[in-house]
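Report on the following structure.
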Amino acid sequence: MDDSDRDLTFFDGCIRTYGAATRHMMKVWQDVTGKPMDRLSGYPKDRFREALGYFVRAMESGDAAGLRAKLDEATGDDGILKSLIEDSLASPEEALAPDVDDVPPSTFKKAIWAEALHRVGDEAVDVDLDDFLRGVVSRVICEMGWKRRFNVGENRHFPRMVQWLREVEEETTWDEGVGLHLMNRASAGRVALYPANPHNLKVRLDADWL
């Protein structure tokens, strides 16, 4: 199995998990309240967030004990589903916040290209990676129509951002030069395969190869 197959398997697994969790929450909601949820729309994670919102609002009103008990019963011995639902209810702000994995790869890479072309000059220029990614994220948030943004730093979003940066780096690599090159800020040594954060990294942008 190559990397693309592994990514697809992981992605498909996430979709199935969010779908199963949403179905559990919809059934529990109707069983306990006697009313179905309104029609949920969007991608699997969007529908999960909508369903989660029903339970969050019930918790805020102090009327969720029966719902929580029924949810716990419904998930049974499925540790993954139970963990997803319980963790999301424990930190709804995080669960409901924008996530880089909700962004289509083509949208994020388009934003990388746009930011690179905006920043580049006649000569090669170095831009600190955290600064560069904040510009990219601003473009992504605008494109997605979101009101909230995700942070650039040492978090769950960063590995995916690096993956897409490296894809653009590969697309701009030629025998004679590189249009977008991910580097250590000291300009020495290889960048770690899985860097933890952007703070010691930069991108070198060269208009000749973009």
- Message: Take the residues in segment 131-160 that are assigned to a helix (DSSP H, G or I) and aliphatic (A, V, I, L, M); name whichever of them is farthest from S106 (Cα to Cα).
- Response: L133
- Is segment 13-32 home to any residue that is out of contact with any helix residue (DSSP H, G or I) (no Cβ under 8 Å at 6 or more places or on another chain), assigned to a helix (DSSP H, G or I), at pLDDT 80 or above and farther than 30 Å from R160 by Cβ? yes
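Conditions tested, residue by residue: (1) modelled with pLDDT of 80 or more; (2) assigned to a helix (DSSP H, G or I); (3) surrounded by 13 or more Cβ atoms within 10 Å (Cβ to Cβ).
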position	(1), (2), (3)
F48	yes, yes, yes
L52	yes, yes, yes
R57	yes, yes, no
A69	yes, yes, no
E73	yes, yes, no
D77	no, no, no
I85	yes, yes, yes
E93	no, yes, no
T107	yes, yes, yes
- Message: Would you confirm, using the coordinates I've provided, whether S41 is surrounded by fewer than 16 Cβ atoms within 10 Å (Cβ to Cβ), under 13 Å from T22 (Cα atoms) and at pLDDT 80 or above?
- Response: yes
- Within segment 17-38, of all residues that are of a type in the set (S, T, N, Q) and surrounded by fewer than 17 Cβ atoms within 10 Å (Cβ to Cβ), the one nearest to D101 (Cα to Cα) is Q30
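May I ask you to say which residue of R156, R166, R148, R160 is touching a strand residue (DSSP E or B) at 6+ places or on another chain (Cβ under 7 Å), of a type in the set (D, E, K, R) and surrounded by fewer than 17 Cβ atoms within 10 Å (Cβ to Cβ)? Before the answer, list the steps.
Details: R156 fails: touching a strand residue (DSSP E or B) at 6+ places or on another chain (Cβ under 7 Å); R148 fails: touching a strand residue (DSSP E or B) at 6+ places or on another chain (Cβ under 7 Å); R160 fails: touching a strand residue (DSSP E or B) at 6+ places or on another chain (Cβ under 7 Å).
Of R156, R166, R148, R160, the one residue that is touching a strand residue (DSSP E or B) at 6+ places or on another chain (Cβ under 7 Å), of a type in the set (D, E, K, R) and surrounded by fewer than 17 Cβ atoms within 10 Å (Cβ to Cβ) is R166.
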- Task: Consider only pairs whose beta carbons are under 8 Å apart and that are at least six residues apart or on different chains; among these, list those whose first residue lies in segment 153-171 and is closer than 15 Å to V191 by Cβ and whose second residue is at pLDDT below 85.
- Result: M161/V100
- Return only the number of the condition from (1) assigned by TED's automatic domain parsing to the domain that holds L182; (2) of a type outside the set (F, W, Y); (3) more than 16 Å from the chain's Cα centre (by Cα); (4) not in a loop (DSSP other than H, G, I, E, B) that D122 does not satisfy. (4)
- Task: State all residues of segment 188-210 that are over 16 Å from L117 (Cα atoms), assigned to a loop (DSSP other than H, G, I, E, B) and either in contact (Cβ under 8 Å) with a residue 12 or more places away in the chain or among the aromatic types (F, W, Y) (or both); if no residue qualifies, say none.
- Result: Y194, P195, A196, N197, P198, H199, N200
- Query: Can you pull out the residues in segment 120-147 that are touching a residue at least 60 places away in the same chain (Cβ under 8 Å) and touching a helix residue (DSSP H, G or I) at 6+ places or on another chain (Cβ under 7 Å)?
  - Reply: V125, V127, F132, L133
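Given the criterion surrounded by 14 or more Cβ atoms within 10 Å (Cβ to Cβ), among the aromatic types (F, W, Y), more than 16 Å from the chain's Cα centre (by Cα) and farther than 30 Å from E94 by Cβ, identify the matching residue among W174, W209. Can you show your working first?
Numbers: W174 fails: surrounded by 14 or more Cβ atoms within 10 Å (Cβ to Cβ).
Going through W174, W209 in turn, just one is surrounded by 14 or more Cβ atoms within 10 Å (Cβ to Cβ), among the aromatic types (F, W, Y), more than 16 Å from the chain's Cα centre (by Cα) and farther than 30 Å from E94 by Cβ: W209.
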- Looking at (1) in contact with a Phe, Trp or Tyr (Cβ under 8 Å, 6 or more places away or on another chain); (2) modelled with pLDDT under 90; (3) not in a helix (DSSP H, G or I), can you tell me which one D63 breaks? (1)
- Query: Just one of the numbered conditions (1) at positive phi; (2) of a type outside the set (V, I, T); (3) in the same structural domain as G42 (by TED's automatic domain parsing) is not true of P92; which one?
  - Reply: (1)
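The values are calculated or read from the model by the stated rules, or taken from the named source; none is laboratory data. These figures come from a predicted structure and were not determined experimentally. Ideal geometry is used to build each Cβ from the backbone, glycine not excepted, and the neighbour counts take in all protein chains shown.
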